[in-house]
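Below is one structure, written out as structure tokens; the observations come after it.
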Amino acid sequence: MRAALAPGVRLLRALPRESRYRGLTLVLTFLSYTSYHLSRKPISIVKSQLHPNCSALGPNPHNDSNSTTWCSWAPFDGDNYKELFGALDNAFLVAYAIGMFISGIFGERLPLRYYLSGGMVLSGLFTALFGLGYFWDIHVLWYFIVVQVCNGLVQTTGWPAVVACVGNWFGKGKRGLIMGIWNSHTSVGNILGSLIAGAWVSSAWGLSFVVPGIIITTVGIICFFFLVEYPEDVDCSPPVHHVMTTSEKDPEAITSNEGPLSLSGQSSVDHSNSPKEPAEEPEAISFLGALRIPGVVEFSLCLLFAKLVSYTFLYWLPLYIVNVAHFGAKEAGDLSTLFDVGGILGGIFAGLISDYTGGRATTCCVMLVVAAPMLFLYNHVGQNGIGTSIAMLIICGALVNGPYALITTAVSADLGTHESLKGNAKALSTVTAIIDGTGSVGAALGPLLAGLISPTGWNNVFYMLIAADVLACLLLARVVVKEARGWCGPMARQRGY
């Protein structure tokens, strides 16, 4: 007797065809970028093990002259270990920032599926190579620096590709909320990376890198077999990226009796009855052309300072907790995940509010303004008990990562499908790469400055982060004013002004 069809399969069959492919795209891109961040997180957890407090472990079993750093991993056993950690962070982040500007250009011209899956396999290789330094007993700084540089370059394949894929499938309507939820992959990856790295950090820290390397490689192979880049590839309709009104835009884009045109310039009738012609595919936008899109420069510079704050926490928060709250390496890593829990909530909240108000810049600005005093409070009272520390980490994570998540997802997709492009969706990867590449400059500066400033005291590090938040807010002032005028116009017309 044949069994009834599985409930899950019945549910999938009940969903519209387009919904199934959209869901598949969301899941695969979510897993992809989760694994990217999962592979970046171990370095922040392992730092405290590369230079631990050896005196707390008991007497030196080797009986050599260096009794204070006998348990440290050379070359990080010297007094300059913080500067060397900063160099490791910078090797990755500078390479990432430089590579990101180039990555978007390649992403527009190469198949996204090949580009993404290939980058993930290479990222897995270089992540594992860092951990293999433990098993191969490597103590040469340049080995770890070179591996970090190579990993930073290949990891730039991820963000432009996944944002472009999601942007190809989802229109502007609920983009903020959908991408706010979807963008939780960043925090989920950081949390999983912390937990996985923490599992082996005290016993064999090399596995803290090798296991994430295997995971990202596996997910990359899955994406190669299942990712669908464009709705048209599976005979689905492309989404509407912006609303066309009769009083604006190109009159040729608003046809009368044939119905609204899709973004490719074809009506639904024409789309179904005629094959795609190569001549109709728009050309990829140039770098300078992407910079001319209104809002790209402002949001890029804002993200520079917002990402500076976020990545300083990403790379230095566990060490800060160890030094200030005096937790062990594993406990500090576990506690630091609460910052990413707050980041998930902040990204969803920012997307929801910006969808409702239509004010992406205003939402970012308000959260950045509130984040500055919260960072000050966390530094001064955040370690006064475990309950206070948990609450402050979640609040700070939400306020710091909320604007960062909104800009890198919904804002990037909005600008990559801006109405000035007249339906040319070939700008998504380039615009995303420009915004995130500029932000990655801040991501490189933050950990570097933290490494240089932290010897003078953690208070100074937090003052630097607060100043960066304020600057990020100020850079959005012009866009915020423009959004406010847009709100005031309809209100004035309603009142008869």
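Take the conditions (1) modelled with pLDDT of 90 or more; (2) under 25 Å from Ala290 (Cα atoms); (3) touching a Gly at 6+ places or on another chain (Cβ under 9 Å); (4) open to solvent by 20 Å² or more (accessible area, probe 1.4 Å); Leu474 misses just one of them, which is (3). Annotation: of all residues in the range 78-90 being modelled with pLDDT under 85 and open to solvent by less than 50 Å² (accessible area, probe 1.4 Å), the one that is nearest to Gly131 (Cα to Cα) is Asp89. Selection over the range 310-338 of residues that are open to solvent by less than 10 Å² (accessible area, probe 1.4 Å), over 17 Å from Leu449 (Cβ atoms) and not β-branched (Val, Ile, Thr) gives a count of 4. Filter the range 450-476 for residues that are free of Cβ contacts under 8 Å to residues at least 12 places away in the same chain and not polar (S, T, N, Q); which is farthest from Trp316 (Cα to Cα)? Only one residue tops the list, namely Leu474. Within the range 200-221, residues that are part of a loop (DSSP other than H, G, I, E, B) reach partners that are of a type in the set (S, T, N, Q) with beta carbons closer than 9 Å, at six or more positions or on different chains, in the pairs Val201/Ser48; Val201/Gln49; Val201/Ser208; Ser202/Gln49; Trp205/Gln49. Considering only the range 353-400, state which residues are hydrophobic (A, V, I, L, M, F, W, C) and in contact with a Lys or Arg (Cβ under 9 Å, 6 or more places away or on another chain). Result: Ala361, single match.
Looking at the structure I just gave you, is Asn384 open to solvent by 10 Å² or more (accessible area, probe 1.4 Å) and at pLDDT 75 or above? Judged against the criteria, Asn384 is a match.
The criterion of being farther than 18 Å from Asn183 by Cα and either in contact with a helix residue (DSSP H, G or I) (Cβ under 9 Å, 6 or more places away or on another chain) or at pLDDT 90 or above (or both) holds for Ser336. Here Asp137 fulfils each of the conditions (1) closer than 21 Å to Gly213 by Cα; (2) assigned to a helix (DSSP H, G or I) apart from (2).
The set of residues in the range 445-459 that are in a helix (DSSP H, G or I) and loosely packed, with under 15 Cβ neighbours inside 10 Å comprises Pro455, Thr456, Asn459. Mind checking which residues of the range 347-362 are within 13 Å of Leu177 (Cβ to Cβ) and open to solvent by less than 10 Å² (accessible area, probe 1.4 Å)? Hits for the range 347-362 are Gly347, Ala350, Gly351, Ser354.
The values are calculated or read from the model by the stated rules, or taken from the named source; none is laboratory data. Computed from a predicted structure; not experimentally measured. Positions of Cβ are backbone-derived with ideal geometry, glycine not excepted, and every protein chain shown enters the neighbour counts. These area figures cover heavy atoms from the full protein model, side chains too; ligands, DNA and RNA do not enter into them. Shrake-Rupley method; radii C 1.70, N 1.55, O 1.52, S 1.80 Å.
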